[in-house]
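This report refers to the structure that appears directly beneath it.
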Amino acid sequence: GNLTWGTLAAPQILVSASRTSTYTTNSSYATLVYNSASINVSSAYNTSTGVFTAPATGTYEVIVNNEYSTGSATNNWITNRIVVNGSTETETTLAITPYSGTTYSTLAAHTIVTMTSGQTISITQGNESGTMNPEYGTAQHTLKIIRLN
């Protein structure tokens, strides 16, 4: 038989945002605000609060890449969560245990979720042990949210 696509739209990048200033990491979870957005369709992502509000019902892809560094020779880790409508949907922990000198590593998190219009996505960070220094700028801490359908 024939496959009919109907009115299915092509995927669209709704948010492409970066953290361009330092922030304090800690053991308590807090919303990580990506304060600079190069793409922000319909201002769906709030660069002051760090909350994305789904503009329509559909399937959304979330991609997080956050670079951290540490110079301590002890065990260091931090956890990032993708929080969908108030509940943790994906949790990813990055551990850095350097032998000597400053060591860099990137925490990557990714998920695909179905949302209804008005539901929210935010990224939180917490569960820090040791010292995890966020690297910030246009490419070190990034968030992308893509509407798939």
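The values are calculated or read from the model by the stated rules, or taken from the named source; none is laboratory data. Note that the coordinates shown come from a computational prediction; the quantities given were computed from them, not determined experimentally. Areas reflect the complete protein model, heavy atoms only, side chains present, ligands, DNA and RNA absent. Shrake-Rupley method; radii C 1.70, N 1.55, O 1.52, S 1.80 Å.
Quick notes on this one:
- Over the stretch 66-149, the Kirkwood radius and the radius of gyration, each from Cα atoms, give a ratio Rg/Rh of 1.05.
- Other-chain or far-sequence residues with amide H under 5 Å of Thr90's (modelled H): Ile82
- A convex hull fitted around the alpha carbon atoms of the stretch 71-111 yields 61 Å³ per residue.
- The equivalent ellipsoid that matches the C-alpha gyration tensor of the stretch 8-148 spans semi-axes of 28, 14, 12 angstrom, in descending order.
- Spatial offset of the stretch 79-102 relative to the stretch 104-149 amounts to 9 Å, using the alpha carbon center of each.
- The antiparallel fraction among DSSP beta bridges confined to the stretch 12-149 stands at about 100%.
- By the Cα gyration tensor, the stretch 42-114 has an equivalent ellipsoid whose semi-axes, rounded to whole angstrom, run 31, 13, 10 from largest to smallest.
- Largest-first ordering by accessible area, 1.4 Å probe, given options Tyr99, Tyr60, Tyr136: Tyr99, Tyr136, Tyr60
- Accessible carbon and sulfur surface of the stretch 28-144 relative to its total accessible area, %, 1.4 Å: 45 percent
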